[in-house]
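The values are calculated or read from the model by the stated rules, or taken from the named source; none is laboratory data. Bear in mind the structure is a predicted one, so any value in this text is a computation, not a measurement. Don't worry about glycine lacking a Cβ; one is built from the backbone with ideal geometry, like all the others, and counts go over all protein chains shown.
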Amino acid sequence: MHIPDGYLSPQTAGGLWALMVPAWYTAGYKVKKTLDSRQAPLVAIGAAFTFVIMMFNIPLPGGTSGHAVGGTLVAIVLGPWAAVIALTVALAIQAVFFGDGGILALGANCFNIAFALPLTGYYVYRLLSMKAPLQSKRRWLAAGIGGWAGINVAAFLTAVELGLQGDLFLAADGSALYSPYGLSQTVPAMMIAHLTVVGLLEGGVTALVVAYLQRTNRDLLGNYTGKAAAGWEGFRLKPLIVGLVLLLIFAPLGLLATGTAWGEWSADELNDRVGFVPAGFERLSGLWSGILPDYAFPGQASEGFWASVPGYLVSGAFGLLIVGGSVWLVLKLITRWSAKGRAEHHA
Amino acid sequence: MPERGSATPGWMLTSSGAVLPSGLAGRGRRESVIQRTLQGLSRLLQESIFSERVAARLGLLQGTDPRVKTVGLLGLLIVAALVEHLYILVGLYVVTLILAGASRISLAFFIKRVWLFIPIFAGIIVIPSLFNVFRAGDPLWTIWDFGGEVTLGPWSLGASLAITKQGLEGAVLLIMRVAVSVSLAVLLALTTRWSDLLKALRVFFLPRVFILILSMTYRYIFLLLGLASDMFTARASRMVGPSSPADDRRFAATSMGSLLGKSHTMSDEIYAAMVSRGYNGEPMSSHDFRMRGADWALLAVAALISAAALGSDRLLG
């Protein structure tokens with residue numbers, strides 16, 4: 001599930017890094033709020049724990065064995081946002097020191113494994129185990145289903161990211177520049193494996209560990225829900241907004257990466273008009289457009305990089321509005337829901 | 001394991017079958033999962049100690065300012081992701097080989113370390129994409145002419161099975177891109193001490209507390225690895241016969257659970273120790289890097305290589 005470098009285009013990898021920035025910011029805020037200065041040792045040990053249990057071989061039916069991620073488990077014990085940071089740290093160490101997952105692809109891997117996985121797993125667990133006492137059977141069942149759901153959401157996102165490469169990032173002759181398979185191939189391939197074997201392994205391990213903790217260390221299970229200080233007082237939106245605006249301004253730079261398209265265009269255009277391409281022109285035009293795309297200065301032509309910027313900014317702003325709006329709505333719902341849960345808890 | 005790495009006795013690093021007599025390892029047919037986990041744990045320890053040794057050698061990259069190294073290698077990594085021509089990727093690969101040689105890493109070892117597993121794995125998973133069934137393209141080598149369109153339910157297999165030019169080009173490009181990326185990452189990991197790399201990360205405006213967490217994590221990974229390895233060794237030495245997969249699963253889960261409990265208690269103790277030494281939630285760090293002429297020169301060379309690679313990529317169209 002860890003994507004190595006070379007499979008993702010820089011556009012996709014960069015976009016997912018950008019998506020992770022607000023996620024890390026929010027996680028940092030929530031963790032600081034719930035754990036205070038205890039955060040550093042607790043999250044660090046949580047990260048080290050995740051790293052180590054990813055190395056445990058677990059026997060699968062049929063004589064093979066696999067590894068579990070344990071993201072849902074860590075989220076149940078430390079809380080979902082602390083798990084985001086712990087898993088990020090574990091993934092970063094794996095990528096840099098042990099070559100497990102790429103460095104440029106770290107943003108994507110964090111989005112799938114450190115963000116989507118623990119949040120999905122935790123909220124499924126919480127939804128299914130609501131109001132159940134700590135020793136109830138519903139807890140380990142809910143944890144197992146949460147683990148299964150979390151890993152499947154992560155696998156689906158991985159499949160989509162890889163599939164986009166095969167569908168969108170192609171050379172002029174149709175050969176793939178990055179991962180060669182399209183969505184119609186990556187999604188079934190990943191999901192068949194994860195809905196069955198891998199998901200069952202993750203869910204099974206999560207359930208077994210939670211059942212073990214119920215017998216031996218019940219406090220650990222009640223740890224997070226007990227002191228979950230939800231609420232968003234003092235959450236500073238300004239850095240988030242500044243970050244998003246900067247992102248919006250700098251994102252068009254990513255368009256530069258698709259430079260060959262203009263080179264091809266001018267040569268093709270010439271071919272259409274003159275009927276042949278003068279020797280060496282194709283090379284020169286490629287160089288020219290790379291250094292100074294002057295045929296597309298604002299107002300001069302409708303094609304090209306600079307002309308596309310206003311349109312890009314407008315669509316970018318629109319996209320931000322939609323994403324921002326839906327995130328706000330979700331946060332609002334979660335806050336209300338957890339406030340209600342707390343009120344019931346105290347009652 | 002920066003400080004105490006070399007103190008680990010050699011016998012802990014060899015993954016001999018001594019822990020389990022051969023008869024116990026799944027009736028001699030295959031290793032038990034317990035033994036496999038133990039081997040994985042010791043391999044990790046071995047690798048990280050080896051990295052520290054290479055990082056202590058006197059070579060080009062070892063002597064470079066970690067900030068220059070991080071920025072330079074990351075820049076090249078981005079360039080390797082952007083370029084679209086195989087020749088340029090091959091050129092970048094040659095650059096990594098030269099850097100490895102100048103950093104006193106044996107080339108045979110470096111090539112083996114890079115190519116064994118990730119690029120070879122990439123080579124295996126691209127195999128289906130070579131064929132026209134998975135990716136349409138101009139046939140290069142027709143393996144089997146069906147003599148007419150063959151359909152399999154909703155899927156059409158086309159009129160022949162062939163390896164395509166597009167499939168082959170894409171596959172070679174992916175493998176080479178993966179190899180160059182892994183080479184750059186391995187160079188960074190092998191020639192930089194963990195503590196130096198962490199300080200260098202400050203260049204990227206990472207919050208101090210995040211760097212503190214990273215450094216603590218790295219240190220405690222080895223402690224937890226030791227704990228886990230003790231648990232597995234203890235289990236292996238108590239077994240008098242092969243265990244069932246269900247038993248092994250239960251054992252893996254209970255050891256995870258108990259490791260989780262131990263880690264949690266330990267984090268409490270560590271926090272208490274930190275507080276008693278004056279920690280107030282704001283980590284401090286010292287900067288002791290100084291850029292030398294050679295560092296600036298290497299940074300310039302990295303920028304030049306990046307510009308040349310991107311420029312010639314444009315030139316090739």
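Could you say whether any residue in segment B:231-249 is within 7 Å of chain A (Cβ to nearest Cβ) and of a type in the set (A, V, I, L, M)? No: segment B:231-249 contains no residue that is within 7 Å of chain A (Cβ to nearest Cβ) and of a type in the set (A, V, I, L, M). For B:ASP196, the conditions (1) at pLDDT 85 or above; (2) within 24 Å of A:ILE93 (Cα to Cα) are fulfilled apart from (1). In segment B:99-120, the residue that is nearest to the chain's Cα centre (by Cα) out of those that are part of a loop (DSSP other than H, G, I, E, B) and buried (at least 16 other Cβ atoms within 10 Å of the Cβ) is B:ILE105.
One line per residue, one yes/no per condition, for (1) more than 14 Å from the chain's Cα centre (by Cα); (2) β-branched (Val, Ile, Thr):
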residue: A:LEU8; (1), (2): no, no
residue: A:THR12; (1), (2): no, yes
residue: A:MET20; (1), (2): no, no
residue: A:GLY28; (1), (2): yes, no
residue: A:VAL74; (1), (2): yes, yes
residue: A:CYS110; (1), (2): no, no
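Condition test on A:ALA48, is it on the phi < 0 side of the Ramachandran plot, in contact with a Pro (Cβ under 9 Å, 6 or more places away or on another chain) and buried (at least 23 other Cβ atoms within 10 Å of the Cβ)? Answer is no for this residue. The number of residues in segment A:167-179 being facing chain B (nearest Cβ under 8 Å) and closer than 20 Å to A:GLY107 by Cβ comes to 3. Pick from B:LEU161, B:LEU174, B:LEU140: which is in a helix (DSSP H, G or I), surrounded by 13 or more Cβ atoms within 10 Å (Cβ to Cβ), at negative phi and in contact (Cβ under 8 Å) with a residue 12 or more places away in the chain? Matching residue, one of B:LEU161, B:LEU174, B:LEU140: B:LEU174. Just one of the listed residues (B:LEU201, B:LEU206) is in a helix (DSSP H, G or I) and hydrophobic (A, V, I, L, M, F, W, C), and it is B:LEU201.
A quick yes/no check of all residues on (1) more than 7 Å from every other protein chain (Cβ to nearest Cβ); (2) free of Cβ contacts under 8 Å to residues at least 24 places away in the same chain; (3) out of contact with any Gly (no Cβ under 6 Å at 6 or more places or on another chain):
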site: A:MET20; (1), (2), (3): yes, no, no
site: A:THR26; (1), (2), (3): yes, no, yes
site: A:LYS33; (1), (2), (3): yes, no, yes
site: A:ARG38; (1), (2), (3): no, yes, yes
site: A:LEU42; (1), (2), (3): no, no, yes
site: A:MET54; (1), (2), (3): yes, no, yes
site: A:GLY66; (1), (2), (3): yes, no, yes
site: A:VAL74; (1), (2), (3): yes, no, no
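Considering only segment B:136-151, I want to know if a residue exists there that is farther than 30 Å from B:GLN46 by Cβ, at pLDDT 85 or above and of a type in the set (Gly, Ala, Ser). No, there is no match, as no residue in segment B:136-151 is farther than 30 Å from B:GLN46 by Cβ, at pLDDT 85 or above and of a type in the set (Gly, Ala, Ser). The single residue among B:ARG219, B:ARG177, B:ARG202, B:ARG193 that is facing chain A (nearest Cβ under 10 Å) and within 26 Å of B:ALA56 (Cβ to Cβ) turns out to be B:ARG219. Scoring A:ILE103 on the criteria (1) modelled with pLDDT of 95 or more; (2) under 30 Å from B:LEU74 (Cα atoms) leaves a single failure, condition (1).
Which condition number in (1) surrounded by fewer than 24 Cβ atoms within 10 Å (Cβ to Cβ); (2) part of a helix (DSSP H, G or I); (3) more than 11 Å from every other protein chain (Cβ to nearest Cβ) is the one that A:VAL96 fails? Here A:VAL96 meets the rest and fails (3).
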